[in-house]
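The block underneath contains the structure these notes are about, expressed in structure tokens.
The values are calculated or read from the model by the stated rules, or taken from the named source; none is laboratory data. Since we're looking at a predicted model, the values are computed, not measured. Every residue, glycine as well, gets a Cβ built from its backbone with ideal geometry; the counts of neighbours run over all protein chains shown.
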Amino acid sequence: MVLRNFFLLIILFGSLTYGQNITSNNQLYVVSNYGVVKNIPEGQLRTFYAKGSPYHSDDFKNGKIINTETLKEENARLRYDILYDRIQIRIGNTSKYRFLPKRKDIAYVIGGSKFIYGEYQNEKGKKISGYFEEIYINDNLKLLGVHKVDIIPAKLAVTGYEKPKKAELVQEKHYYIMDLDGKVKEVKLKKNNIRNVLNHREVDDYLDSNKIKNENDLIRLLEILNS
């Protein structure tokens, strides 16, 4: 079955590249995999571990690899590495995995989330590229999500009263509205920003009596705007 799936993936992509396992211990990740701890006095370099995760989900999930042009698809166990912005595929029942190619004609469905690779321009003409999560789509716009991981560096104890702090990986999610021309505008979960980005009377009326606290609230607003 593993060999069959591998050859089907070759048909979908043309080629695959090998990946490397990342050492983990109870969801603690080796800092050296993600960044260098700076300004450490010579002779005091230690191995630090980071709290948090670089993955959208730590476990590989059931998913699909879809060629959006031919509509061919293949079931697979997938995981999104946010830190390095790469999709991983698990090889059979082993702990090994491969990195899958970044292509605009390939979409990855991981659990309940769909990821596409794209290169878009924002309202300032700046190019934004990488994996985007397709959150909501209607006839006029798309709501896309971009996942990011910030690295908070480890800190050595300077005095005997202090304790060393472990490096930490903190996940963030940014939202973008894409119009029919394929241009994107970042939208924040704040009323004034949403008013400026969507610029619609119905939006103003809705926000006068409703709050936007989370992603679901933003989706609800877009659904009403499209009704």
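Out of 225, 221, 180, which single residue is assigned by TED's automatic domain parsing to the domain that holds residue 80 and either under 30 Å from residue 55 (Cβ atoms) or out of contact with any Cys (no Cβ under 6 Å at 6 or more places or on another chain) (or both)? Can you show your working first?
On the way: 225 fails: assigned by TED's automatic domain parsing to the domain that holds residue 80; 221 fails: assigned by TED's automatic domain parsing to the domain that holds residue 80.
None of the other options fit; the residue is 180.
Here residue 69 meets the list (1) of a type outside the set (Gly, Ala, Ser); (2) in contact with an Asp or Glu (Cβ under 7 Å, 6 or more places away or on another chain); (3) buried (at least 21 other Cβ atoms within 10 Å of the Cβ) almost entirely, failing just condition (3). Listed by first and then second residue, the pairs linking a residue in the range 65-85 that is modelled with pLDDT under 90 to a residue that is part of a strand (DSSP E or B) and β-branched (Val, Ile, Thr), with Cβ atoms under 6 Å apart and 6 or more places separating them unless they lie on different chains, are 83/149. Within the range 55-106, the residues that satisfy the criterion of being assigned to a loop (DSSP other than H, G, I, E, B), in contact with a helix residue (DSSP H, G or I) (Cβ under 9 Å, 6 or more places away or on another chain) and over 24 Å from residue 128 (Cβ atoms) are 70, 72, 91, 92, 93, 94.
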